[in-house]
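Bear in mind that the values in this text are calculations on the coordinates, not laboratory data. Since this is a predicted model, take the numbers as computed values, not measurements. A quick note on method: Cβ atoms are made from the backbone with ideal geometry, for glycine too, and the neighbour counts reach across all protein chains shown.
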Amino acid sequence: MGIFDFLSGEFIDVIHWVDDSRDTMVWRFEREGHEIKYGAKLTVREGQSAVFVHEGQLADVFTPGLYMLETNNMPIMTTLQHWDHGFKSPFKSEVYFVNTTRFNDLKWGTKNPIICRDPEFGPVRLRAFGTYSVKVADPARFLVEIVGTDGEFTMDEISFQIRNIIVQEMSRSLAKSGIPVLDMAANTRELGQLVAKEISAQIAEYGLTLPELYIENISLPPAVEEVMDKRSSMGVIGNLNEYMQFQAAEALGRDGGDASGAMQAGLGAAMGMQMGQMASSGPWGARQPAAATPPPPPVEHVWHVAENGETKGPFSKAQLGRMAAAGELSRETYVWTAGQDGWMKAEDVTELAQLFTILPPPPPPGA
């Protein structure tokens, strides 16, 4: 091997990085003792930044592009190496490539419930989880604050710290939001934006930014959710007696009209009634005669009268009787009461027709 081949092997003249790992944030270009040649080519691809560290000091940061490592595009390195005085020897700097693309679909979630005060349910315990994305915004600061001298830094090494920050801010935001639990599903977007804004201010100290944060779900403890499901079921059922009648009719329909099925249903209903009576008869079967329940009192209707385009009333039936006797109410007078389908003539209302039996009807035409 000639001296030229030996020297060319000792100098690095092409510096670049191709990443296919999808989780590497920082990768150090390995020199293996070789020196970087003055005038070497540096390729920084889209979604990358290259950070030069010379003799323990952060020198230059290169954004995407193709560079010739010379004095005209390395101002800080020039000052460190005194290249402005014509010194063009090779240098032993460390090159760190930083991935500046987004790292997406990262998971976060609360390990322990968050205690909040709900305006409807009182103190409640909430859990929340979702996804977020993170991106390196300041490669130099990220290298100084987080990476240090690590030759290959992955997302897993910092995701735990970011998750802790997210959970802390989420707990604080949920506790002071004052949003009812039943309305949180409609406000997850606003909560996510609020939490992301608070977190971005913190992780900016690490040279990072949080482009997106999504809240996929905010849930109550299983026992509370079970009670809410029962409450919702009762709201759907409505009238319990009507629901039981409907269930009995459904059972008869499933039996296909079979007499034995109907008898079994009737027997079951009778046994249920008997057991209910036994339960209410007192201790040791000492049955107490049930008191007869009086029927409900009759409903007293009040009536409105339409006369000359105006409505009068309401009048009781006794008042209408006195009006009929005085000639102020006739058979042709229109009346209305609650529950009646529109206005009707007084003589067509069964309850009022008897008011006119004491008076003869009008004579027939032509008499």
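Remarks
- What the Cα convex hull of segment 103-224 gives, in volume per residue, is 96 Å³.
- Loop-resident sites, segment 102-178, for GluC sites (Glu not before Pro), counting at most 12 other Cβ within 10 Å (DSSP): Glu120
- Karplus-derived HN-Hα couplings along segment 99-115 (A = 6.51, B = -1.76, C = 1.60, θ = phi - 60°), whole Hz, x at Gly and Pro: 7, 9, 7, 7, 9, 9, 6, 8, 8, 9, x, 7, 6, 10, x, 9, 8
- All Cα pairs of segment 303-356, percent lying beyond 17 Å: 23 percent
- Out-of-range pairs (alpha-carbon distance over 27 Å; input Lys107/Lys197; Lys37/Lys135; Lys111/Lys197; Lys107/Lys176; Lys111/Lys176; Lys176/Lys197): Lys37/Lys135
- Proxy reagent accessibility, fewest Cβ within 10 Å first, across Lys197, Lys135: Lys197, Lys135
- With a cut-off of 12 Å between beta carbons, the residues surrounding Leu194 carry a summed charge of +1, where Lys and Arg count +1 and Asp and Glu -1.
- Karplus (6.51, -1.76, 1.60) ³J(HN,Hα), θ = phi - 60°, over segment 201-217, in Hz, Gly and Pro reported as x: 5, 7, 6, 4, 5, 9, x, 10, 9, 10, x, 9, 8, 10, 9, 7, 7
- Electrostatic bookkeeping for His304 treats Lys and Arg as +1 and Asp and Glu as -1; over the other residues with beta carbon under 15 Å from its beta carbon, the sum is -3.
- Mean separation of Cα contacts under 8 Å (6+ apart) over length of segment 303-356, as relative contact order %: 31 percent
- Mean sequence separation of contacting Cα pairs (under 8 Å, at least six apart), scaled by the length of segment 162-216, corresponds to a relative contact order of 38 percent.
- Debye intensity ratio in log₁₀ form over the Cα atoms of segment 111-163, taken at each q of 0.16, 0.24, 0.30 Å⁻¹: -0.66, -0.99, -1.26
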